[in-house]
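Where a number appears in this text, it was derived from the coordinates with a stated rule and is not lab data. This one's a predicted model, so the numbers in the text were calculated from it and none came from an experiment. A quick note on method: Cβ atoms are made from the backbone with ideal geometry, for glycine too, and the neighbour counts reach across all protein chains shown.
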Amino acid sequence: MKDRKQLSVSAIKDGTVIDHIPAKSLFKVIDILGLDHIEKMMTFGTNLESKKLGLKGIMKLSDVFFAEDDLNRIALVAPDVKVNIIRDYEVVEKRLVEIPEKVEGIVKCVNPVCITNNEEIKTKFELVSRSPLGLKCHYCEKITDASNMVIISSS
Amino acid sequence: MIGKSLVSIIDYTKDEYLKILDLAAKFEQQPKQKLLEGYVVATLFFEPSTRTRLSFESAVNQLGGKIIGFSDIGTTSVTKGETLNDTIKIVCNYCDLIVMRHPLEGSARYASEVSSVPVVNAGDGANQHPTQTLLDMYSIQKTQERLDDVNIFMVGDLKYGRTVHSLLMAMSQFRTTFHFISPDELKMPDEYKQHLDTLGLKYYEHKDFTDIIAEADILYMTRVQKERFSDPIEYERVKNVYILKNEMLDNTKDNLKVLHPFPRVNEIKEDVDDNMKAYYFTQARNGVYTRQAIITSILDLNK
């Protein structure tokens, strides 16, 4: 038998593993966390089978750690992720994420005549409802819901 | 409220509403005082408005203040592409208070955050117009001699009308009963009805008001605009339902007053104007006193 070349996604020594990302949200999570600007070893997997999500994504980020507030930002697109913090190959902490009360600079306001869509102004929302998701614009006071939510690219 | 911007009607508490209304009554007694002598108010109107701008400018002028500003962006740096941020940061060096109208929603909140002087929102797109709401409340209080236990009938475009939304939010601080009369396409949005539910306030929805008008203390008319309808046939069908005619006021309460934020097109027939119950022209005059109360409160000039 011919030797198959196999790419092994090995365990990481130190860093963060984010699992149970809905496959369709993987690139949004990369964007929100600004991972394309971090020069560390990272592995992304997507469209992996998952009993819970159908298709899921996973990411293993070596030597990358997040503040809780930064990590909570991904809850907008991936509310059910499981986050493991790894130290010396061991899981030292498990975290869940939750949508923060104030959401700044991630989501575009749904209202085309909102000032934030017409001038260079960082968006700001107040979380008015978790389920269904409702974000109230600090400026125009309109509600952006999950079906209208557009993530602002960090790049 | 001293030194604070007024952007949205919910920026003020119930006590602050009452304080403004009390002061407005004093200004009605004596609208010409020298309280604003030495003060400069900038009126920045990024989109045209006749009544609101003149009302603010009259309010300031009668108190001895000076006005700078523009009513047409054609003559300003805005046409050269200047950002709102830059315009506000420059203008706040020249004045003690900014009154601003702008077509974009949220522009007033943003201006209040970058300005070193207080900003009074004179309308940001379809979002907020808090001084209109305070003058509406003043008109209600003055004509009904109370703010609690008033039956307010809101008629017309309740979906897009910012004046009815703001008035609802403000009057929900009092024991108000609301009646919403609108075509299906222009119904009061659920979020406002939920707000009333949370507070335990009563509201009723109707499609026509001819039969129920007898219960009203305040009839708050708004424009039903053709462009708001997705179906032009629907507009043709309902357009005459929301027009107030003089004879409709025959069997109404003696204390009933008809309010309208103006401009009107045809939703109040001109034969209503001479009826004692038509209050919309006096309502506009109340705007001057209310704005005098707001500006002098923010600048802390009422000793």
Going through region B:181-204 in order, the residues found to be surrounded by 14 or more Cβ atoms within 10 Å (Cβ to Cβ) and farther than 18 Å from B:S166 by Cα are B:P183, B:E185
Tell me, which residue of region B:27-44 that is in a helix (DSSP H, G or I) and either touching a residue at least 60 places away in the same chain (Cβ under 8 Å) or touching a strand residue (DSSP E or B) at 6+ places or on another chain (Cβ under 8 Å) (or both) is surrounded by the fewest Cβ atoms within 10 Å (Cβ to Cβ)? B:E28
From the options A:V91, A:V81, residue that is crowded, with 16+ Cβ neighbours inside 10 Å, β-branched (V, I, T), more than 14 Å from chain B (Cβ to nearest Cβ) and closer than 26 Å to A:I12 by Cβ: A:V81
Filter result (surrounded by 20 or more Cβ atoms within 10 Å (Cβ to Cβ), among the hydrophobic types (A, V, I, L, M, F, W, C) and either more than 15 Å from the chain's Cα centre (by Cα) or away from chain A (no Cβ under 14 Å) (or both)) within region B:1-23: B:L6, B:I20, B:L21
Determine if region A:135-144 includes at least one residue that is within 14 Å of chain B (Cβ to nearest Cβ), touching a residue at least 12 places away in the same chain (Cβ under 8 Å) and within 20 Å of A:V29 (Cβ to Cβ). yes
Just one of the numbered conditions (1) under 27 Å from B:L134 (Cβ atoms); (2) surrounded by fewer than 16 Cβ atoms within 10 Å (Cβ to Cβ) is not true of B:D211; which one? (1)
Of the residues in region B:252-303, those that are touching a strand residue (DSSP E or B) at 6+ places or on another chain (Cβ under 7 Å), among the charged types (D, E, K, R) and not in a loop (DSSP other than H, G, I, E, B) come to B:K257
Within region A:85-97, can one find any residue that is touching a residue at least 12 places away in the same chain (Cβ under 8 Å), among the acidic types (D, E) and within 30 Å of A:K124 (Cα to Cα)? no
Do any helices (runs of 4 or more DSSP H) entirely within region B:45-123 hold 3 or more residues that are without any contact (Cβ under 8 Å) to a residue 24 or more places away in the chain and within 14 Å of chain A (Cβ to nearest Cβ), and if so, which? none
Residues (under 23 Å from the mean Cα position of the chain (by Cα) and in a loop (DSSP other than H, G, I, E, B)) located in region B:210-232: B:A216, B:D217, B:T222, B:R223, B:V224, B:Q225
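Per-residue answers, yes or no, for (1) under 18 Å from the mean Cα position of the chain (by Cα); (2) hydroxyl-bearing (S, T, Y); (3) exposed (fewer than 13 other Cβ atoms within 10 Å of the Cβ); (4) farther than 24 Å from B:I9 by Cβ:
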| residue | (1), (2), (3), (4) |
| --- | --- |
| A:V113 | no, no, no, no |
| A:N117 | no, no, no, no |
| A:E120 | no, no, yes, yes |
| A:K124 | yes, no, no, no |
| A:R130 | yes, no, yes, yes |
| A:L135 | yes, no, no, no |
| A:K142 | no, no, no, no |
| A:M149 | yes, no, no, yes |
For region B:93-118, give me the residue count where each residue is buried (at least 21 other Cβ atoms within 10 Å of the Cβ) and of a type in the set (F, W, Y). 1
Restricting to region B:124-146, give me the number of residues that are free of Cβ contacts under 8 Å to residues at least 60 places away in the same chain and either closer than 22 Å to B:I243 by Cα or away from every other protein chain (no Cβ under 14 Å) (or both). 2
Which numbered condition in (1) within 25 Å of B:N266 (Cβ to Cβ); (2) within 14 Å of chain A (Cβ to nearest Cβ); (3) part of a helix (DSSP H, G or I); (4) of a type outside the set (G, A, S) is the only one that B:K159 fails? (3)
